[in-house]
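Contents: one structure, followed by commentary.
The values are calculated or read from the model by the stated rules, or taken from the named source; none is laboratory data. Bear in mind the structure is a predicted one, so any value in this text is a computation, not a measurement. Here the Cβ positions follow ideal geometry from the backbone for every residue, glycine too, while neighbour counts run over all protein chains shown.
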Amino acid sequence: MKDSFIQVKHLTKVFPGGDGEVRALGDVSFCVKKGSFATILGPSGSGKTTLFNILACLDVPSSGSVRIGETETTALNDRQRTLFRRNVIGIVFQFYNLLADMTAIENIRLGSKVKGDCLDENDVAKRLGITHLLNRFPHQLSGGQQQKVAIARALVKNPDIILCDEPTSALDSSSTSDFLDIIKASNKEFGKTVLLITHNADVANCANQKIVLKDGQIEACI
Ligand SMILES: Nc1ncnc2c1ncn2[C@@H]1O[C@H](COP(=O)(O)OP(=O)(O)OP(=O)(O)O)[C@@H](O)[C@H]1O
Ligand SMILES: [Mg+2]
């Protein structure tokens, strides 16, 4: 597709295992346009996190390719992949992954240290409504508040793409709704391409593209 920003072609991932190989992804191909809000759906074990890790440049496929913008990320070496991830991708994990011995603002600054054209951390914190929490450590924050800090950390480095792996699965409905507002704003106002794994129907319904995986293959892409 001409205007696609993320292009996944014939991706496979086979994990070696004691009791035989696991084919986590088998010939997965799809495209995501720039500025899209896309979700990856599918039952447990269908390959969502495996796909996420490859898109996030945290893992490499067994075969196939991923192109993000002009870069074929699956052709990069380890060091280039790390640099690409730092510069282009903001990652939000299910369990926040904040550093426990750093305050919220110090965690957020970790995002802004990585490259030049960062957003102002105080502006981002204000937009996310967490200004009053910035001097607290992660253990002094609720799950929803920690997730907002994690989103702020991903946003300040001004990435082209935000990738999230089940970001709301540990949140209650009110925090999930806050999260959705923030991610929609990241998509619409900050212009980020968002790709998000979710089991939550409300979250999935906000997306303009749904990529459904089943047994490591694309079941639907709508
Ligand atoms: N490092 C690994 N080594 C071996 N097998 C793996 C590894 N990681 C994942 N798998 C297997 O690959 C398949 C897909 O796993 P994956 O974590 O991608 O699923 P998922 O769709 O994210 O599931 P969930 O919704 O439970 O998070 C599963 O059968 C899993 O057991
Ligand atoms: Mg998973």
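Can you say whether Ser29 is among the polar types (S, T, N, Q), touching a helix residue (DSSP H, G or I) at 6+ places or on another chain (Cβ under 6 Å) and more than 16 Å from ligand 2 (Cβ to nearest atom), as far as the supplied structure shows?
no
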Wholly enclosed strands (runs of 3 or more DSSP E) of segment 164-221 bearing at least 2 residues under 14 Å from the mean Cα position of the chain (by Cα) and surrounded by 14 or more Cβ atoms within 10 Å (Cβ to Cβ): 193-197
Filtered residues of segment 37-51 (kept if outside any strand (DSSP E or B), more than 6 Å from ligand 1 (Cβ to nearest atom) and modelled with pLDDT under 95): Pro43
Conditions (1) within 30 Å of Gln217 (Cβ to Cβ); (2) among the aliphatic types (A, V, I, L, M); (3) part of a loop (DSSP other than H, G, I, E, B); number of the one not met by Val66: (3)
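Yes/no per residue for (1) surrounded by 14 or more Cβ atoms within 10 Å (Cβ to Cβ); (2) basic (Lys, Arg); (3) without any contact (Cβ under 8 Å) to a residue 24 or more places away in the chain; (4) touching a Leu at 6+ places or on another chain (Cβ under 7 Å):
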| site | (1), (2), (3), (4) |
| --- | --- |
| His10 | no, no, no, no |
| Val14 | yes, no, no, no |
| Ser46 | yes, no, no, yes |
| Leu51 | yes, no, no, yes |
| Thr73 | yes, no, yes, no |
| Arg86 | yes, yes, no, no |
Residue within segment 56-70 that is free of Cβ contacts under 8 Å to residues at least 24 places away in the same chain, away from ligand 2 (no atom under 16 Å from the Cβ) and among the polar types (S, T, N, Q) present: no
Selection from segment 70-87 of residues that are more than 18 Å from Lys157 (Cβ to Cβ) and in a helix (DSSP H, G or I): Thr74, Ala75, Asp78, Arg79
Filter result for Ala125 (buried (at least 22 other Cβ atoms within 10 Å of the Cβ) and at pLDDT 95 or above): no
